[in-house]
Amino acid sequence: MLKTDVLIIGSGIAGLFAAIKISEFANVILVTKKDKAESNTNYAQGGIASVIDKSDSFEKHINDTLIAGAGLCNSKAVELMVKEGPDRIKELMALGTQFTQKSGKLDLVREGGHSMPRIVHAKDLTGKEIERALISMTNNIKNIHVIENTLAIDLITEHNIPDLRNSPLDKRNCWGTYVLDGNQGKVVTINSKVTILATGGLGQVYQHTTNPLIATGDGFAMVYRAGARIGNMEFVQFHPTSYYEPNKNTTAGKTSFLISEAVRGFGGILRTKKGEAFMAKYDSREELAPRDIVARAIDSEIKKSGEEFVYLDITHKSKDEIIQHFPNIYQTCFNSGIDITQNFIPVVPAAHYACGGVKVNEFSQTTINGLFACGEVSMTGVHGANRLASNSLLEAIVYANRASIKIKEMLKDYDTSIPEIPHWDDSGTLSSDELVLITHSLKEAKQTMWDYVGIVRSNNRLERAQRRITNLSDEIEHLYKKTKVFNDIIELRNIISCAGMIIQSALLRKESRGLHYTIDYPNLDDKSKPKDTIIQNREL
Ligand SMILES: Cc1cc2nc3c(=O)[nH]c(=O)nc-3n(C[C@H](O)[C@H](O)[C@H](O)COP(=O)(O)OP(=O)(O)OC[C@H]3O[C@@H](n4cnc5c(N)ncnc54)[C@H](O)[C@@H]3O)c2cc1C
């Protein structure tokens, strides 16, 4: 058993930023399931939104965020994020992050939904630069111990201590985590006074996603199993245009390359497979309509035609200009056989961001004592029903910092009496020699979620998906109980659990709001007060 003051799970922006802050007063173990840099953070392109310029104001940023959130944002949480943002950006810079500058000042750009240019960025590789700087800083801090290739399996709370299993849900504690140490191939118990979940998103629940393979929703699923509250899981943001690679099988767990919104801003036209431009049918702003409207239009065309993609056409622009503006997109498509200066680009929407998550208060505390959640896995309330572009990296640093403030206070008078924690018991289980069961179930879950719980929903589709996901869940639980744990089975179980939560929340919302659109309730429910959908596992 390993012991530490604070255990952090995840090495994206939220986990690393929290680790650096907490190392000022406590010892930290940070576990991450692959190598340190592999995270959603590493792929973030655009940047971080914050009020930097004198002509901008907190009120404007708050207002833009509230508009995007379609009536469901927690305005206190938004205000904290916006007002504390500039100081956190300065800290990122003090930690070594090099943002793009123009004439000696931060170069601020404007993105969809923002009324002012306020996006701080490092060219179009902002996330990579932040990860580089934060990893390099943590490497030099002695009381941060980073353990790579180590996957958190389950939180240690009353639910896995036999004598305490029946204790009330609102009085539960977290004493650490069981992890699968991929370096030694065995399960290790890590006992901590405080645990922070910074495990990122869940894009891999869907067939098409911009998220890397690590985004299997492990944090959401672990918390569900432990009985904490989870909210607004139906609000999954889909990016309208990811590259549909002709020969790439996305059902077995792959990442789709993002074709930036800037391509539509540059004059790109969306066309059906027959070559007809279609956006004018859906919105007068055509290709420049907001993300969710464009994604719905593409989805509708795909569903009508039965094709798997539509086209994005920029062939009417000059070759030199295309290559100059989009060198990375040009090269990536070219390498897979599409010259975007000559050919239409096949595109499909892709799951991009989870707006809901583990419900936390303004100090990132979950409903389990000693358990915090920061970054994409958490639901602070800042995104409401739809995330404003570039607010997620900001939310991650602001709320990681707020967690560190509360943890400092808590550690001062920490009650050291903890129950005896049982070791991981896998007696009677066998190593699986039937990987086909895993790959088949994974394909089925991702396809089901894509077809029935995607951009446009209906009661019929959701109920059909629920029946299929419940079957898959029963099968995986059966297999899990008799198998020695390994990464693929843990991740599949978590993906299926997240799929179940998204469906459950979507069925609870009897209206269309923000990212959740259902043909059975196509309008906002304006008769009742907007409310969050909260789910909690009560079978503990
Ligand atoms: C292509 C793309 C572009 C984006 N562009 C922007 C942008 O311009 N601006 C913006 O604000 N947001 C953007 N986002 C969203 C943003 O990048 C993420 O929301 C943010 O980086 C999440 O940070 P995080 O620290 O919460 O999680 P992540 O960065 O995803 O880190 C999660 C970490 O947890 C680890 N982990 C997960 N499960 C386990 C487990 N069971 N055990 C151990 N470790 C585990 C992972 O390996 C990883 O290290 C983008 C996202 C994508 C995918």
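The values are calculated or read from the model by the stated rules, or taken from the named source; none is laboratory data. Remember, predicted model here, so these are calculated numbers, not experimental data. All Cβ positions, even for glycine, are placed from backbone atoms using ideal geometry, and neighbour counts span all protein chains on display.
Restricting to segment 189-230, what's the tally of residues that are away from the ligand (no atom under 12 Å from the Cβ) and β-branched (Val, Ile, Thr)?
So the count comes out to 4.
Of the residues Ser404, Ser432, Ser441, Ser390, which single one is touching a Lys or Arg at 6+ places or on another chain (Cβ under 6 Å) and small (Gly, Ala, Ser)?
Ser404
Go through segment 301-319 residue by residue and tally those that are crowded, with 16+ Cβ neighbours inside 10 Å and touching a residue at least 40 places away in the same chain (Cβ under 8 Å).
8
Can you tell me how many residues within segment 369-387 are part of a loop (DSSP other than H, G, I, E, B) and more than 9 Å from the ligand (Cβ to nearest atom)?
Number satisfying all stated conditions: 8.
Every residue in segment 481-534 that is within 28 Å of Ile214 (Cα to Cα), surrounded by fewer than 20 Cβ atoms within 10 Å (Cβ to Cβ) and in contact with a helix residue (DSSP H, G or I) (Cβ under 7 Å, 6 or more places away or on another chain), please.
Thr483, Asp488, Ile489, Leu507
Could you grab me the full set of residues in segment 147-160 that are acidic (Asp, Glu) and near the ligand (Cβ under 10 Å from one of its atoms)?
Within segment 147-160, Glu148, Asp154 meet the criteria.
For segment 147-167, enumerate the residues that are crowded, with 22+ Cβ neighbours inside 10 Å and not in a strand (DSSP E or B).
Ile156, Thr157, Glu158 - these are the residues of segment 147-167 that are crowded, with 22+ Cβ neighbours inside 10 Å and not in a strand (DSSP E or B).
Within segment 286-300, does at least one residue satisfy the condition of being basic (Lys, Arg), over 30 Å from Pro168 (Cα atoms) and either in contact (Cβ under 8 Å) with a residue 40 or more places away in the chain or not assigned by TED's automatic domain parsing to the domain that holds Ala77 (or both)?
Taking every residue of segment 286-300 in turn, at least one turns out to be basic (Lys, Arg), over 30 Å from Pro168 (Cα atoms) and either in contact (Cβ under 8 Å) with a residue 40 or more places away in the chain or not assigned by TED's automatic domain parsing to the domain that holds Ala77 (or both).
Those residues that are aromatic (Phe, Trp, Tyr) and within 16 Å of the ligand (Cβ to nearest atom), I need them from segment 483-532; list them, please.
Listed by number, the list holds a single entry, Phe486.
Across segment 20-34, what is the number of residues that are more than 13 Å from the ligand (Cβ to nearest atom) and buried (at least 24 other Cβ atoms within 10 Å of the Cβ)?
2
Within segment 174-187, how many residues are farther than 14 Å from Asn160 by Cα and in a loop (DSSP other than H, G, I, E, B)?
4
Mind listing just one residue for me: the one in segment 5-19 that is buried (at least 21 other Cβ atoms within 10 Å of the Cβ) and more than 6 Å from the ligand (Cβ to nearest atom) and, of those, farthest from Asn211 (Cα to Cα)?
Ranking the qualifying residues of segment 5-19, first place goes to Val6.
Quick check: anything in segment 24-34 basic (Lys, Arg) and either within 21 Å of Met222 (Cβ to Cβ) or under 22 Å from the mean Cα position of the chain (by Cα) (or both)?
There is at least one residue in segment 24-34 that is basic (Lys, Arg) and either within 21 Å of Met222 (Cβ to Cβ) or under 22 Å from the mean Cα position of the chain (by Cα) (or both).
When you look at Ala37, is it under 17 Å from the mean Cα position of the chain (by Cα) and more than 6 Å from the ligand (Cβ to nearest atom), yes or no?
yes
Given the residues Asn386, Asn343, which is the only one that is free of Cβ contacts under 8 Å to residues at least 40 places away in the same chain and either more than 22 Å from Val82 (Cβ to Cβ) or of a type outside the set (A, V, I, L, M, F, W, C) (or both)?
Asn343
Would you call Glu287 surrounded by 18 or more Cβ atoms within 10 Å (Cβ to Cβ) and outside any loop (DSSP other than H, G, I, E, B)?
yes
What are the residues in segment 427-466 that are assigned to a loop (DSSP other than H, G, I, E, B) and surrounded by 14 or more Cβ atoms within 10 Å (Cβ to Cβ), if any?
Matches in segment 427-466: Ser432, Val453, Gly454, Ile455, Val456, Ser458.
All but one of (1) in contact with a strand residue (DSSP E or B) (Cβ under 6 Å, 6 or more places away or on another chain); (2) surrounded by fewer than 17 Cβ atoms within 10 Å (Cβ to Cβ) hold for Ser115; which doesn't?
Only one criterion is unmet by Ser115, namely (1).
Go through segment 229-263 and give me each residue that's at pLDDT below 90 and charged (D, E, K, R).
Glu245, Lys248, Lys254, Glu261
Being in contact (Cβ under 8 Å) with a residue 12 or more places away in the chain and assigned by TED's automatic domain parsing to the domain that holds Leu472 is the requirement here; does Thr439 meet it?
In short, yes.
Give the residue, chosen from Ile190, Ile214, that is assigned to a strand (DSSP E or B) and not basic (Lys, Arg).
Ile190
Considering only residues that are assigned to a loop (DSSP other than H, G, I, E, B), away from the ligand (no atom under 12 Å from the Cβ) and surrounded by fewer than 16 Cβ atoms within 10 Å (Cβ to Cβ), which ones fall in segment 118-146?
Asn140, Ile141, Lys142
Could you look through segment 318-359, keep only residues that are within 13 Å of the ligand (Cβ to nearest atom) and out of contact with any Phe, Trp or Tyr (no Cβ under 7 Å at 6 or more places or on another chain), and pick out the one that is nearest to Tyr414 (Cα to Cα)?
Only one residue fits best here, namely Ala354.
Kindly indicate the residue of segment 345-381 that is within 18 Å of Cys73 (Cα to Cα) and of a type in the set (Phe, Trp, Tyr) and also surrounded by the fewest Cβ atoms within 10 Å (Cβ to Cβ) among those meeting that condition.
Among residues in segment 345-381 that are within 18 Å of Cys73 (Cα to Cα) and of a type in the set (Phe, Trp, Tyr), the one surrounded by the fewest Cβ atoms within 10 Å (Cβ to Cβ) is Phe363.
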